[in-house]
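Encoded as structure tokens, the structure appears first; notes follow it.
Coordinate-derived values only; no laboratory data. Nothing here was measured: the structure is a model prediction, and the numbers come from that model. No Cβ is skipped: glycine too gets one built from the backbone with ideal geometry, and neighbour counts run over all protein chains shown.
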Amino acid sequence: MTKAIFLKLCPNCGDDIKDFRLSLKAPCEKCLPLPDEKISELSRLEILELLKSSGSLKKLQNLYDIQLQLDELDNLFYKVTGSRLWSAQRTWAKRVFSGKNFAIVAPTGMGKSVFGAILSLHFALKGKKCYIIVPTAILAEQTYKRIEEFVEKIGAVVKISRYHSMLNNREREMEQEMISNKEYNILITTSAFLSKNFEMLNGSIFDLVIVDDVDALLKSSKNVDKVLYLAGFSKDAIEHCLKLMELKKEYSKLLKRGGDASTLEKEIEGAKKFLEDFVKVSKIGNIIVSGASPRGKRTKRIKLFKELMGFEIGSRIEFVRNIEDLYVPDVDDVEKKVIELVKVLGYGGIIFVPMDRGLEFAERLYKRLLEENFSVSLYSRGKAKIIEDFSSGKIGLLIGVASYRSPLARGIDLPHVIRYAIFAGVPKFRISLDIEKDFSPTRALILLSNLREMVSEEEQMIVEKYVSELREVIHQIRTPDEVKEILEAISKNVRLEGYKGLLQKRLEEVREYLIEILSREDVKEKIMRAPNITVSREENRLFMVVPDTVAYIQASGRTSRMFSGGISKGVSVTIVDDKKAFNGLVKESKWFSEEIEWKNFNEVDLHKILEEVDRDRATIKKLMQGLISPQFRDPITTALLIVESPNKVKTIARFFGKPSKRTVNGLTVYEVSTGDYILNITASGGHLFDLPTYELGNNSVHGVIKYDGTFLPAYITIKRCIKCKRTFTKPIERCSYCHSEVFDKEIVVEALRKIALETDLVLIGTDADAEGEKIGWDIATALSPYSSKIKRIEFHEITKRALVDGLKNLRDIDMRLVEAQMVRRIEDRWLGFELSEKLWNRFGDNTLSAGRVQTPVLGWVIDRTKESRKSFQTFFEITLENGLKIVTKRPLMENDKVVEEIHELTKAVYEVMEVHREELEVNPPPPYSTDTLLQDAASQLKFSVHKTMSLAQDLFELGLITYHRTDSIRVSNVGQRVAKDYIVEKFDENLYRPREWSKEGAHECIRPTRPIDAVRLKHMIIVGTLRLAKKLTQEHLQLYDQIFRRFIASQMRQAKVLKQKYEVRFDGNIEFIEGYTRILEDGFNLVLKINLIPEVFEGKLKAVNVKSWRAPTIPLFKQSDLIRSMKLKDIGRPSTYAKIVTTLFQRGYVKENDRKEIVPTKKGYQVYFYLNKRFYEFISEETTRKLKKIMDSIEEGKVNYQEILNELYREILSIRRHY
């Protein structure tokens, strides 16, 4: 059934098209005049064939060409391998056929090498030249033989040349001649050949260049230039690109300093134009780069790939784990325990020695293992042969140091071999406390990070300042020699000049502060008592021993790697030789990874775990040997994940390491591998479509078309002014207000269509509410002709755990939510436009607007203002001699009467009577929903509702809190675990009281996603432990703190208090007072303050001071009060509360006084009285509440949305006829 018309969105001719045609992957009726029933029986290729045969194939020609080439490659693949292209391989092929350059992100066993070989053969069969660059001679020969075998299978004539160190002299001469004469279709060499023998290739231009291992290529950074030359770029083009990169860098610096960048802008535009013109007139080949590189961030020239080819290379660090994190408690003889564990676990293990035990211990352990006849080797940097022997099985065990710098901990990638890791002691390092002798920037940073909690809150700010400065200094120091020079100058009291002198001065400040703080007895005592820090003594020198959590995460990660069957199972066993350090490791590891769950080695079923470990290793070996079992076809699906904001994209992309990055039509796309998916992640930037604001003919009403007895909303891409940010939904090239250029979201739609075409699955990850569902449906409809499968993924927090759960529970788009949101928007447009037009005509001001919810809310403000003005009374505050304050009020009094009353109250005797005390338990408040968060942020933090929602949106997108538009206070099991981890670590397990609070709905309360309070969060950001996609402000932290404390309190024990009730009699008056006076037993009050009043006793007292003021007994509304009223009166929704209040301010209907109280303006009065008098039946509170319930009924599938649109249409006709 057709539900909408999308204007100018036909994928073939660019004309208007119905959503149902798009869902059938078909063009509009003009392009293909067949009934929908007939089209529903056709495949996408059959539809394209029909367009081709009828001469109607236009914009879809590219899709048709790609499909034909893909089918051709798939058939070739089948002929030479006996299997079809996998999902990832199809994606790579479609990119190549679209003329794109890219970095392949894929785990072991994904057939990258086979794909490269067959793709090269495909190109060669069409007379094109290909160049495959591999890291080793063995791989070069294997690739050569593989392609030769493929050529033989199809009986083709293809000239293949290879050059590597394993060739004999005769072969070498033959290949040299072949290469020099360019008598080949496919060339295969090592990266080393490219570095040493580039002159043999000089002048050659290839149609396809495949770099099999980018890390090997980058051993010589000039290789990047050489690859670009071979793809068709000139030296001049590369020089211009390097210049452009420098100009951009200078431009960024200049903008930060606030300087005039106009000259630089012209130079940048000039460099860009040169490159654009060069590409237009030059034949540029495709470049495919396989692998990731930790060198990438250190190699300037690799950025040439980004500037010239549109992609970036990621790092090899992957944050995916399928590891059993085990520990063996209370071990005295570590060496003996290692031997026992190896005997149980077998070969395929790495034994990591903690930094504090050092290489000497590693050598001793190595000798003991040799004595026990184990096949073991001691690893040291640069011993590649050891890794080769370990990979081939000649060596069964490796021993190395657990350091994040060690290649054994961070660089080795042998998923077919490494089964487990043993940590021969908790990963930790020692930091000397003798700062005068052992000062260094990195040690100082570690010390300050650990000393922060040993000082007062005021001094913590100083620590954080120095931590921040140290990070800057470490970043600014260029070489190890510079560090050495500066530290020598400090020790010898020599003053350096220039920037080194500035760095020296900053380091000296930190050094002096550390010397001072470590000399204090209070700090020393706290260090000794710290639960996570051990102090050791060696030769009269003190050392602080702290856990090395980063080393643990990286080193244990060697045991679990992604492969084409998922994420391999691994085992990590930590031998606990230092209980305090282990406590710190457990605590900090949970900050880094949500998946870590520590288990006692003696309490797990080791046999069962090892069965899974070995099953995965067997599978990986088969995959690497090409022995693919049928059950592993399409083991990883390529998918496009679309969310709404760029911040959300960055947050998700970082869950799995440093992603590769590319740009499509200006849209940034990150690519990561999750184990089950290769995800391309990008953002829609919110809504892409909205109802048009121009008339569509006689049968249309404000962007909705009456068609065949139904109402079809028309949707047009949104246009946004680049300068003033106003939005438009009409054909427009320049802003109607400031005449600047507008950005048309049609560009985003086209980019998403291109990426969708590459992948086998589109995942709609828009927000988990009705508005998000509608945005998702719009995107899904627009992308349908370009994607074979589209699914909805739902997550209520931006965390790795929530994303992985969402990927396991994909669903279809909920059309009931979509229909309800359609009706909301149409209703808002119809009534808003009709009433707004009446306002424009009445007041001659086209900035005025009306809405079904905003108008009654404006009425509340007006009514409350009237009531408040009538309720003024005179208040008196009486301070008694015991400090007790009493407030009493009188009818409004003149000044002379006030003076008399103050005199009487000062003389009066105040008798405290009927004092009753009782002990009772006070429950904590529930966690926040949207309305209560807005209320408290307004009343406690003085934030406007707009600011609160903006800050909360950031916190949500950065993965720090759950979804913030919710009316639920439910706490999930995950939320309860977050609270438990924090409460147990910070206080005591006895204070933890899990509460679900509500059982209704899938949505959850607003809560933190991790057990990290605001103070710790700020510190983790400063020291670099936590890196967010956006910088947090103090206001972000304030709001996060409020959310965090409220949530933690909701999961804590009740507080036991002493409650006091009494009355005070004076001068014929009685004032009743009650409140809590004492905390008898701590509970949730440890994180959420309970207000106390002074304890009193019966007796007579005198007044020592009396003051008076005038005030209303009915207070004016504040923003928080309006939110509370909307919630109580059931109008508005969590997603619209803030918008409604903000709109009233933006339209000038209300304003705030100095006390943040809301009062109506003259304009507000006029608009409301006009609307209320003439259109009351449409904008009354009762009507608004009724309509909200109808919308809920549509969501629940109880009513037909078209029937509701008919009713709303009759309402519009009534307004037009009678008013």
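Could you run the Karplus curve 6.51 cos²θ - 1.76 cosθ + 1.60 with θ = phi - 60° over segment 284-290 and give me ³J(HN,Hα) per residue in whole Hz, x for Gly and Pro?
So the Karplus estimates, Gly and Pro as x, are 10, x, 7, 10, 10, 10, 9 Hz.
Rounded, prolate or oblate for segment 788-932? Axes are the square roots of the Cα gyration tensor eigenvalues, ordered a ≥ b ≥ c, and the cut-off for rounded is a/c under 1.5.
Oblate, since a/c reaches 1.5 and b/c is not below a/b.
For segment 930-1053, which semi-axes, largest first and in whole Å, follow from the square roots of 5 times the eigenvalues of its Cα gyration tensor?
Square roots of five times the eigenvalues give 21, 19, 13 Å.
Given points 7 Å out from each Cα along the Cα-Cβ axis, report the Ile138 to Leu502 separation in nanometres with one decimal.
Roughly 5.0 nm, to one decimal.
Over all directions, what mean area does the Cα convex hull of segment 1150-1219 project, stated in square nanometres?
Projected area, direction-averaged: 6.6 nm².
How large is Rg over Rh for segment 707-837, taking Rg from the Cα atoms and Rh as the Kirkwood inverse mean of 1/r across Cα pairs?
Details: Rg = 17.3 Å, Rh = 17.0 Å.
Value, to two decimals: 1.02.
Give me the one-decimal Kirkwood hydrodynamic radius in Å for segment 529-627, with the sum taken over alpha-carbon pairs.
On the way: mean 1/r = 0.0624 Å⁻¹.
Averaging 1/r across every pair of different Cα atoms and inverting gives 16.0 Å.
Once amide H atoms are placed 1.01 Å from N in the peptide plane, what residues at a sequence separation of 5 or more from Val209, or on another chain, have their amide H within under 5 Å of its amide H?
Distant-sequence amide H within range of Val209: Tyr131, Asn286, Ile287, Ile288.
Could you state, as a whole-number percent, how many of the C-alpha pairs of segment 466-527 are farther apart than 13 Å?
Tail of P(r) above 13 Å: 65 percent of Cα pairs.
Per 10 Å bin, what percent of the C-alpha pairs of segment 1100-1214 does each bin hold, from zero upward?
10, 29, 31, 15, 7, 4, 2, 0
Which of rounded, prolate, oblate describes segment 334-485, given a ≥ b ≥ c as roots of the alpha-carbon gyration tensor eigenvalues and a/c under 1.5 marking rounded, otherwise prolate only if a/b is larger than b/c?
In terms of gyration-tensor shape, prolate.
How many times 2.2 N^0.38 Å is the alpha carbon radius of gyration of segment 409-495? Walk me through the numbers before you get to the answer.
Numbers: Rg = 17.7 Å, N = 87, 2.2 N^0.38 = 12.0 Å.
For segment 409-495, the normalised Cα radius of gyration is 1.48.
Percent of alpha carbon pairs in the chain separated by more than 41 Å? Please list the in-between numbers first.
Details: 426983 of 742371 pairs.
When all Cα pairs of the chain are counted, 58 percent exceed 41 Å.
What residues have an amide H closer than 5 Å to that of Gly570, excluding those fewer than 5 places away on the same chain, when H is modeled at 1.01 Å from N in the peptide plane?
Those qualifying (amide H under 5 Å, at least 5 residues apart or on another chain) are Asn322, Ile323, Glu324.
Working out 0.36 nm times the residue gap between Asn1206 and Asn1105, then minus their Cα-Cα distance, what length gain in nm do you get to one decimal?
Details: separation 101, 0.36 × 101 = 36.36 nm, distance 6.78 nm.
Roughly 29.6 nm would be gained on extension.
Below 8 Å, C-alpha to C-alpha, sequence gap of six or more: please give me the relative contact order for the chain in percent.
Across the chain, relative contact order equals 9 percent.
Relative contact order for segment 821-871 using alpha-carbon pairs under 8 Å, separation at least 6, rounded to a whole percent?
28 percent.
Can you give the log10 of the normalised intensity I(q)/I(0) at q = 0.10, 0.12, 0.13, 0.19 Å⁻¹, computed with Debye over equal Cα scatterers of segment 602-711?
Rounded to two decimals, the profile gives -0.60, -0.73, -0.78, -0.99.
Considering Cα pairs under 8 angstrom that are at least six residues apart, work out the relative contact order of segment 440-527 and quote it in whole percent.
The normalised contact order for segment 440-527 reaches 33 percent.
Could you compute how fast segment 847-937 diffuses translationally, taking Rh as the Kirkwood radius over C-alpha pairs and applying Stokes-Einstein at 4 °C with viscosity 1.567 mPa s? Give it in µm² per second.
The calculation lands on 69 µm²/s.
Using only DSSP helix segments of four residues or longer, with each worth -39500 (n - 2.57), what per-residue ellipticity at 222 nm results for the chain after dividing by its residue count and rounding to 500?
Computed mean residue ellipticity for the chain: -14500 deg cm²/dmol.
Starting from the Kirkwood Rh over alpha-carbon pairs, what translational D in µm² s⁻¹ does segment 681-757 have by Stokes-Einstein at 25 °C and 0.890 mPa s?
178
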